[in-house]
Amino acid sequence: MSDFWQEQVFAPQDYDSFSFGMGVCTDKSKKSISFGGSYTYTGWNTPTWHERLKPSYFELQEYIRQYRESSKAEPTK
């Protein structure tokens, strides 16, 4: 995905390849292993998607409304 904070939208990001590597070294046995490489790909399809509010959003909204109403009714000390 591209940089959401800069773009303000979720968008796919194109890359030519991914590079990776790994290494392990232990001082006790004086052995070491390291390797790396690149992965290239032809691209991928962008799935369709949409934003939605989950059911818990409405439950939380109702709870906050009730909390605000009850806190207004109680005198502050």
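Computed from the coordinates by the stated procedures, all read-outs in this text should not be read as laboratory data. Since the model is a prediction, treat every value here as computed from it, not as a measurement. Cβ atoms come from the backbone with ideal geometry, glycine included; neighbour counts cover every protein chain shown.
Points to keep in mind about this one:
- For the pair V9 and Y57, a Förster radius of 30 Å applied to the C-beta separation gives a FRET efficiency near 0.90, rounded to the nearest 0.05.
- The value of relative contact order for the chain, using C-alpha pairs under 8 Å at least six residues apart, is 19 percent.
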